[in-house]
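Please read the structure below before turning to the comments.
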Amino acid sequence: MSAPNLKEIEWAIHELESLESSDGRYTLLAALYTCRNEMLGLSVQHPQMATYSESAKPVKAVISAEPVARYGDSEFLKAVDGKDPAKVWAIMDDLMDSLRVVNRRVYDHFVQRLGNA
């Protein structure tokens, strides 16, 4: 079995978008959006641009060379245990971009929770 091509991924996205809402469908759509973005080269990390302001100060990125520590026993936390943080965050950023498209309400709630953390 060969890997799906872009046309097959686009077709699957179209089919899933026309079906009734469900958590499983959103999960699959997020994965398909991420695959499509990878194939199109859209998931390349872009530097965060500060809002224009004459008083804006440059922001220095903090990059940790230490692997992600284990913070719990969930499937996700076990998956990221010991991984390169930059790679984990790039994957999470792709997931959040997909979530923003698929379910804006859940995305907004999650971002709000992060802001309050």
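Karplus-based coupling profile of region 107-117, in residue order and whole Hz: 4, 4, 4, 5, 4, 4, 4, 5, x, 8, 6, with θ = phi - 60° in 6.51 cos²θ - 1.76 cosθ + 1.60 and x standing for Gly or Pro. Full extension of the chain between K87 and A117 gives 8.6 nm of extra length, using 0.36 nm per residue less the Cα-Cα distance.
Take the Cβ-Cβ distance between A31 and E66 as r, set R0 to 35 Å, and report the resulting FRET efficiency rounded to the nearest 0.05. Let's see the in-between values first.
Working: r = 29 Å, r/R0 = 0.82.
Efficiency, from the Cβ-Cβ distance: 0.75.
Model label sites at E38 and V101, defined 7 Å from Cα along the beta-carbon direction, differ in position by 1.5 nm. For the pair H109 and E15, the difference between a 0.36 nm per residue extended length and the Cα-Cα distance amounts to 31.2 nm.
Bear in mind that the values in this text are calculations on the coordinates, not laboratory data. All figures in this text were calculated on a predicted structure; none of them were measured in a lab. Positions of Cβ are backbone-derived with ideal geometry, glycine not excepted, and every protein chain shown enters the neighbour counts.
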